[in-house]
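Written out below as structure tokens is the structure these notes cover.
Here, each number is a calculation from the coordinates, and none is a lab measurement. Predicted, not measured: the structure shown is a model, and the values here were computed from it. We place every Cβ from the backbone using ideal geometry, glycine too, and count neighbours over all the protein chains shown.
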Amino acid sequence: MWRWILAGAVMLAVVLFGFSLVDIAGGDQVQAGAVIEIPQTDLTGFARAVEPFAWDFPASFGEHPAFQTEWWYYTGNLFTAEGRRFGFQFTIFRRALKPPASADAAAATGADSASEWRSDQVYLAHFTVSDIAGGQFFHAERYSRGGAGLAGAQGQPRYHVWLEDWQILAQDDAARLTTIQAVADDFGVDLTLEQVKPPALQGQGGLSPKSAEPGNASYYYSLSRLVTQGTITVGDTVYPVTGLSWKDHEFSTSALGTGAKGWDWFGLIFDDGSELMIGQIRLADGGKEPAFGGLYIRPDGTTRYLPSSSFTITATDTWASPHTGAVYPSGWEVVIAADDLQRRFTITPVMLDQELHGTNIAYWEGAVDVTGDFTGVGYAELTGYVATMEGRF
């Protein structure tokens with residue numbers, strides 16, 4: 001799903017502006033000076049998502065620096081052999097502080113220093129684990145610049161996205177096997193994910209509009225069923241786990257449409273071998289943005305685009321956050337009424353408190369169950385309930 005990287009990047013630049021870029025000036029003498037600029041809102045010079053994209057996997061798994069924002073997003077529902085359940089989210093975001101053309105021009109004229117610490121890219125990572133049986137939700141975040149090897153992304157010669165020692169790394173050139181490794185103070189994951197379906201192109205051939213305005217869209221694909229095994233660590237206990245994960249990868253230079261308050265997004269993995277991305281952009285006037293739809297992924301990997309007019313998402317319950325005071329929906333009934341796909345099912349959070357708070361933008365993102373005409377597991381993301389997202393993305 002698209003994310004709130006614009007606001008996060010503004011905060012990132014402020015944080016990173018306060019960090020000092022280090023140059024060694026002979027011997028052990030260290031000189032420091034901040035050289036990252038506050039990001040601009042002018043989109044001139046960045047590529048826009050307006051036409052079909054020339055996908056080339058696995059190279060397309062890597063970064064797309066012509067676009068201002070990008071993220072690699074993984075969620076999963078994992079279980080021990082005894083049935084203890086965990087959810088996880090691991091996302092790395094990239095934000096360009098200036099378009100590639102201006103960065104290249106500065107380098108050509110010598111306006112930029114030669115320091116390896118200098119970077120026009122900033123990175124943010126969010127990492128969470130939901131310990132369902134323990135009733136605990138762990139979350140952490142990190143920031144870094146793209147210079148000096150501290151953070152980065154590549155699709156070739158082998159897919160790799162990292163922020164310091166938090167990383168996503170392909171284990172083969174085709175990126176059929178990928179590992180995720182991240183450790184925070186009280187929790188960690190070491191997981192191997194196997195791709196068993198081809199990339200599912202969201203929207204129309206991977207062009208996913210967020211409003212009717214041309215260019216207000218992202219390039220977006222999903223790996224909707226990743227067979228997962230590895231370990232989750234909570235405190236001093238290491239749990240061997242298996243299960244299924246979901247990957248989203250988006251890149252764009254865009255903004256939410258006027259009046260967009262927030263969104264409800266769901267990535268669902270069903271027991272019959274199919275998957276579904278479905279969501280809605282909520283408008284300040286109480287309506288829904290009609291441009292954004294969903295995608296049904298059949299067991300054989302073929303897809304069926306679902307326009308927003310073909311489904312409804314109705315909240316059935318609410319949960320009040322003790323951290324932010326926000327009131328989130330907490331349960332939904334979904335009705336799909338497409339000509340060739342008629343389904344009704346319920347989505348239920350497996351734990352109420354899965355809110356990331358204490359970050360620049362508080363939001364709810366957590367593991368869910370699906371019952372009804374579809375059964376399975378998934379993840380939900382809910383934004384704009386603490387504060388509106390209008391003007392932030």
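Scanning residues 5 or more positions from Gly331 or on other chains, those with amide H under 5 Å from its amide H are Thr316, Asp317, with H placed 1.01 Å from N in the peptide plane.
Taking 20 Å as the straight-line reach from the Cα of Lys98, the aspartates and glutamates in range (excluding those fewer than 8 positions away in the same chain) are Glu37, Asp42, Glu63, Glu70, Asp112, Glu116, Asp120, Glu250. Taking Lys and Arg as +1 and Asp and Glu as -1, the other residues whose beta-carbon sits under 11 Å from that of Gln136 total -3.
What order do you get for 348-356, 261-269 when each peptide is scored by the mean count of other beta carbon atoms within 10 Å, highest first?
The densest-packed peptide leads the list: 261-269, 348-356.
Quick one: net charge around Gly203, please, counting Lys, Arg +1 and Asp, Glu -1 for every other residue with C-beta under 15 Å from its C-beta. Neighbour charge sum, excluding Gly203 itself: -2.
Cα gyration tensor of the range 124-245, axes a ≥ b ≥ c as square roots of the eigenvalues: rounded (a/c below 1.5), prolate (a/b > b/c) or oblate?
Taking the square roots of the gyration eigenvalues as a ≥ b ≥ c, the range 124-245 is prolate.
Phi-derived couplings, Karplus 6.51 cos²θ - 1.76 cosθ + 1.60 at θ = phi - 60°, listed residue by residue for the range 287-296: x, 10, 5, x, 6, 9, x, x, 9, 9 Hz, with x used for Gly and Pro. Annotation for the range 257-308 versus the range 229-247: alpha-carbon center distance of 28 Å.
Under 5 Å between amide hydrogens, built in the peptide plane, is the criterion, and for Tyr221 it picks out Gln202, His249 among residues at least 5 positions away or on other chains.
For the range 199-207, the Karplus equation 6.51 cos²θ - 1.76 cosθ + 1.60, evaluated at θ = phi - 60°, returns couplings of x, 9, 7, 6, x, 10, x, x, 8 Hz by residue, with Gly and Pro reported as x. Each residue of the range 230-240 is assigned a 3J(HN,Hα), and the resulting list reads x, 9, 10, 10, 10, x, 9, 9, 9, 10, x Hz, derived from the Karplus form 6.51 cos²θ - 1.76 cosθ + 1.60 (θ = phi - 60°), x at Gly and Pro. Taking label positions 7 Å along the Cα-Cβ direction at both Asp185 and Leu150, the computed distance is 2.1 nm, reported to one decimal. Of the peptides 244-253, 329-338, 275-284, the order by per-residue mean of other Cβ atoms within 10 Å, starting with the highest, comes out as 244-253, 275-284, 329-338.
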